[in-house]
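Heads up: the structure comes next, in structure tokens.
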Amino acid sequence: MDGREAREPHREGGGAGPAVGWLIPAVVLHGLVYFFLLPLWMGEDEPWHFEYARNLALANGEASSEPQAGLTFSQARIRNRTQAAPEDVVETQSLIVDSMRRNQFWRRVDFAGWEHGGTTLDHFVRGHTEANQPILYYAVCSVGLRLFGIQDVERQLWFLRGLSFLCYLAVLFFTYALARLVTKEGWVAATAVLVAAWLPMHARQSGLVSNDVLVKVFSAATLWLTGLILVGRAGRVKIGAMILCAGLALGTKATAIGVAGPLCLLIAVHFRKRGGSLRSGLIAGAVAGGLLALGAVLYWQITGSSVLPDPENALRQLRYTWKHFFPETTRTFIGAFNWYTRSLPAAMYTAVVAAILVGLVGSLVAATRGPMRLHKGVVALCWLAVVFQLMAMMLKAFAAGRFLFPMLPAIGTLIAVGWIAPLPASWRPRSARILIAGLILYDGFALWTGLFPSQYLEWGS
């Protein structure tokens, strides 16, 4: 199918689907439930992400030669990274620890250390810091903190969580836009949004401080812009915006690496449309992907990032990947709470994995011989994004479901397409309603038997 056909409104029996007006209040209210329900500091590594942003807001931007005596290892690292004064670094950790204690952090996290003995973050996880992360997300947060002049630590945390909520909504917008490029069938786009919005582990990112929330926005925007160009809506502005968003995504966190696949596909298609051979297009795409990877590697090395694979530990990482990667990634993608220490019942994982597999397999069937007209190039884009992301995670042995979220618009679109597109037109609304009902049950179960009891009713440490 060419771009012109993909842009034509479909007149099949499935129709335009449901009106989208109800989606906005639905996803906003759903995100707010998690925003207010998630206790302070209960996002994974949230204390260290917040520490980075707050110290950056306190820094004057000038290098300091003041002695670092008395600083712990993690405090020295974050001071060197942010150029904050030593006393500000110490005070920030002290205020965070006091707030963690007031909010029962040590009772909620099963592996936490001694509550009353903790005075620094090193007493919780020795030597841990987020100082090795690229600075972009924390710079954005620090600008907000300075602009609004918020001083209280917990109010600062709520403010930064508010930015995360906006990022959550932005990802859902790009999910809807990407799905509409695949097909004009409204049921597909609406269902894709709900898959992304009602995934519990993604919904809770609407209320936590982490660079995970910003990288997924830039990645989602890159996917959408790449899709726009693929369907024939190219232009210098869109191409420039796509390159900019991809660069910002990779500059925010290495988990944006999945955008490399779609960009290579786009370049290969571009060369093919320009009259080149398929071989030249594939070579151009491979070269572009190599240059992108090289640029990312150089950037991460310069910034001291720890995301690059370690050749010395390659065998150990491969063994871990073989035995534990997929089970752990699946568990933390579907639902694991209290810093991943508490899981859902095994039957829930089985049911959700089955639903995801139905969608993924169905998307392949729909793209090859289904009755619904789809833009196959955008479907391929979604698949490449997911496959590249998984390959990068496996290479580094990063088994955490949240690292898939930069590609969540592609995942949601594929699942929605797979559940709806292979069916006759008259069956599509019914299939969409079944999947949506399942999402509501799944999310409700995770909320009321996973997150809520684990973080409010069952005390561990």
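The values are calculated or read from the model by the stated rules, or taken from the named source; none is laboratory data. As the structure is a computational prediction, the values presented were derived from the model and not from experiment. Counting neighbours? That spans all protein chains shown, and the Cβs are built from the backbone with ideal geometry, glycine included. In case anyone asks, the SASA skips ligands and DNA or RNA and just uses the protein heavy atoms, side chains included. Shrake-Rupley method; radii C 1.70, N 1.55, O 1.52, S 1.80 Å.
Counting charges near A367 (Lys, Arg +1; Asp, Glu -1) among other residues having Cβ under 12 Å from its Cβ returns a value of +3.
Take the Cα of A85, go 7 Å toward its beta carbon, and the backbone nitrogen atoms of the range 150-178 under 19 Å from that spot belong to 150-153. Whose amide H sits under 5 Å from the amide H of R342, counting only residues 5 or more places off or on another chain, with H placed in the peptide plane? Hits under the 5 Å cutoff: F337. Of the residues H128, H375, ranked by 1.4 Å probe accessible area with the largest first, the sequence reads H128, H375.
Using the Cβ of L37 as centre and a radius below 14 Å, the other residues enclosed give a net charge of +2, where K and R count +1 and D and E count -1. If the chain linking R236 and F326 were pulled fully straight, counting 0.36 nm for each residue of separation and taking away their Cα-Cα distance, it would gain 28.4 nm.
The stretch between T341 and T449, if pulled fully straight at 0.36 nm per residue, gains 37.4 nm over its current Cα-Cα span. Our estimate of slack between R102 and L457, defined as 0.36 nm per intervening residue step minus the Cα-Cα distance, is 126.1 nm. With a Förster radius of 22 Å applied to the beta-carbon distance between Q151 and F73, the computed FRET efficiency rounds to 0.20. Computed about the Cα centre, the dipole magnitude for the range 46-151 is approximately 220 debye when only Lys and Arg (+1) and Asp and Glu (-1) carry charge, each at its Cβ.
Peptides 203-215, 352-364 ranked from most to least packed give 203-215, 352-364, packing being the mean of other C-beta atoms within 10 angstrom over each peptide's residues.
The modelled label-to-label distance for the pair L441/M391, using points 7 Å beyond Cα in the direction of Cβ, is 3.7 nm.
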